[in-house]
Amino acid sequence: MMRWGMPPPPRTGGPPVTNIRNTTSPHWRGWLKPEYRCLVPFNSFAEYAPEPNPQTKKKDVVWFALNDDRPLTAFAGIWTTFNGDRGTKSKPVAGPHQVFGFLTTSPNAVVEPIHPKAMPVILLTVHF
């Protein structure tokens, strides 16, 4: 079992990072080696709609899957060991923790109208 969220770049700080977009950053480069790669299983994922719903004034959640059967597949991910605290501020859990995030890429034609910046790298076949 692992926890969501890779350590953020030191200069930015902030919360753990789940979506890794800039793989050219020196911060991520070491974790792109084969020994830090992992599969992140999923059967669907969601993005917020770009504009609020006129009735609710909130952004709707839009779900994506490979098809209506929602078969299990995987995102391309990376992982590491994190030695700090995780969990809530009121109930922190001391490390070490195995943590992961997933790589993103340019969105395809289905995802782009909802999230034009990026989407997870979806692995349809795995070669060993």
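The values are calculated or read from the model by the stated rules, or taken from the named source; none is laboratory data. No experiment lies behind these values; they were computed from the predicted model shown. Every residue, glycine among them, receives a Cβ derived from its backbone with ideal geometry; neighbour counts consider all protein chains shown.
Show me the strands (runs of 3 or more DSSP E) entirely contained within segment 40-128 in which 3 or more residues are more than 18 Å from residue 7 (Cα to Cα) and hydrophobic (A, V, I, L, M, F, W, C).
45-52, 59-64
Quick one: count up the residues across segment 81-112 that are closer than 23 Å to residue 45 by Cα and not aliphatic (A, V, I, L, M).
Step one: list which residues in segment 81-112 are closer than 23 Å to residue 45 by Cα, which gives 87, 98-112.
Remaining after also requiring not aliphatic (A, V, I, L, M): 87, 98, 100-102, 104-108, 112.
Residues meeting the conditions: 11.
Please give the number of the condition residue 44 fails out of (1) among the small types (Gly, Ala, Ser); (2) within 16 Å of residue 17 (Cβ to Cβ); (3) without any contact (Cβ under 8 Å) to a residue 40 or more places away in the chain.
(2)
Can you name the residue in segment 8-30 that is in contact with a Gly (Cβ under 9 Å, 6 or more places away or on another chain) and within 14 Å of residue 82 (Cβ to Cβ) and is also surrounded by the fewest Cβ atoms within 10 Å (Cβ to Cβ) among such residues?
Taking the candidates together, the pick is 15.
Go through segment 72-128 residue by residue and tally those that are touching a Leu at 6+ places or on another chain (Cβ under 6 Å) and surrounded by fewer than 13 Cβ atoms within 10 Å (Cβ to Cβ).
Residues that pass the stated criteria total 0.
Residue pairs, Cβ under 8 Å, 6 or more apart or interchain, first in segment 19-34 and within 21 Å of residue 117 (Cβ to Cβ), second surrounded by 14 or more Cβ atoms within 10 Å (Cβ to Cβ) and at pLDDT below 90. List them.
25/9; 27/9
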